[in-house]
Amino acid sequence: MPRPLCATIHLDSMQHNLARARACAPQSKAWAVVKANAYGHGLERGMKGFAQADGLALIETENALRLRELGWTKPILLLEGIFDASDVPLLAEHDINSTVHSLEQIKMLEYTQLYRPIDVHLKMNTGMNRLGFRPDEYAAAYKRLRAIPGVRNITHMTHFANADELEHPRLTISEQVRRFRTGVEGLGGERSLSNSAGVLHQEVLAQELQNDWVRPGIMLYGGTPGGGRTAHDFGLRPTMTLSSEIIAIQQLEAGDTVGYGSRFEATGAMQVGVVACGYADGYPRHAPHGTPVIVDGMRTSVVGRVSMDMMTVDLTPVANARVGSKVTLWGDGLPIDEVAAASGTIGYELMCALAPRVRVSEGRMGTHG
Ligand SMILES: *Cc1c(COP(=O)(O)O)cnc(C)c1O
């Protein structure tokens, strides 16, 4: 018998969420972002779940090649571009679109003979201050890139710092769009601005956000990009349910403590359940007492410290709890964002941190566990 811990991936929810993204930005083509092992869901499952996307976007060249091996024939975009000149021939050979964010990358393209034309996304830094050319440097970078014979289409790209908060006090979407417009003035070519938060605001900002390509990530995995609205509010469905079982039950008396650090102390007689899931599986070690968890369909909470392979939960609200009771750590019936918020992080991090040792299967919601 395998360990009962399992991550069930809901491909149907992935399709649904992609359809939601498309409905928000009906005029745009969509890159489904599958970086970080498809946000922990597995690259191949990302490819299957987002088969209807216009392209897949990720970080590593080797994973782009893997998508080609798996049979993905539509566009692929490297979101940070290439890391070394030796990658340039691979772009041509496997028809991979590359982001170009630096002069170093332009030089790599200049120095390497491209035997087949490639498409690139030229990145503008409109205030995020990670990657890209500043608006006042942008036209020069474009011109230099345009002069490279092997470069075919150049899409103008930028990334939002605060798309989840329309009225951000430091840097608004509108200000970034204004800078972007200034930088691309007079240059032809398609445009790509929005991540999930931008896509979800597309309805409000349709005029400003003229995206030829959108780049949704977290929303496709049923997570909220933030901004105080839940994934459910946005009509998104969970795509990953992490489930396990109770493997032991302890009867506590008042004064008994649980786990490392004896951090939880019972104030009266109670039962705690030991769940086969710990931080080495990707469950957040910092999940405090009170972090929600579902046992046998009843909502209850984490007690004591999460350890490497196990965690303990309060069985008080679960009338018939027994060894073998089903546990949902997140997903179907328990939004990952709630677990993340209780643990001081975001759904993105929990998904991506799912550990390789966790068994993964595919199934519709309601069929896991
Ligand atoms: C990760 C990433 C995205 C997707 O962001 P979400 O917030 O997950 O939607 C879009 N564009 C770029 C450049 C990214 O790196």
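The values are calculated or read from the model by the stated rules, or taken from the named source; none is laboratory data. Every value quoted in this text rests on a predicted model; they were computed, and no experiment measured them. Note that each Cβ is placed from the backbone with ideal geometry, even for glycine, and that neighbours are counted across all protein chains shown. To get the accessible areas, we keep the full protein, side chains included, count just its heavy atoms, and leave off ligands, DNA and RNA. Shrake-Rupley method; radii C 1.70, N 1.55, O 1.52, S 1.80 Å.
Observations
Yes/no per residue for (1) touching a residue at least 24 places away in the same chain (Cβ under 8 Å); (2) open to solvent by 40 Å² or more (accessible area, probe 1.4 Å); (3) in a helix (DSSP H, G or I):
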| site | (1), (2), (3) |
| --- | --- |
| PRO4 | yes, no, no |
| GLN15 | yes, yes, yes |
| ARG20 | yes, yes, yes |
| ALA23 | no, yes, yes |
| GLY46 | yes, no, yes |
| GLN52 | yes, yes, no |
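- Among the residues of the range 126-174, just one is in contact with a strand residue (DSSP E or B) (Cβ under 7 Å, 6 or more places away or on another chain) and without any contact (Cβ under 8 Å) to a residue 24 or more places away in the chain, namely ARG146.
- Within the range 209-222, considering residues that are part of a loop (DSSP other than H, G, I, E, B) and near the ligand (Cβ under 8 Å from one of its atoms), the one farthest from MET351 (Cα to Cα): ARG215
- Looking at the range 87-189, the helices (runs of 4 or more DSSP H) lying wholly inside it that each contain 1 or more residues that are open to solvent by 70 Å² or more (accessible area, probe 1.4 Å) and either farther than 28 Å from HIS201 by Cα or within 16 Å of the ligand (Cβ to nearest atom) (or both) sit at 88-94, 103-111, 135-146.
- Being within 16 Å of the ligand (Cβ to nearest atom) and either open to solvent by 10 Å² or more (accessible area, probe 1.4 Å) or under 26 Å from the mean Cα position of the chain (by Cα) (or both) is a property that does not hold for THR291.
- Looking across the range 190-208 at every residue that is in a loop (DSSP other than H, G, I, E, B) and closer than 19 Å to GLY132 by Cα, the one that is farthest from the ligand (Cβ to nearest atom) is identified as GLU190.
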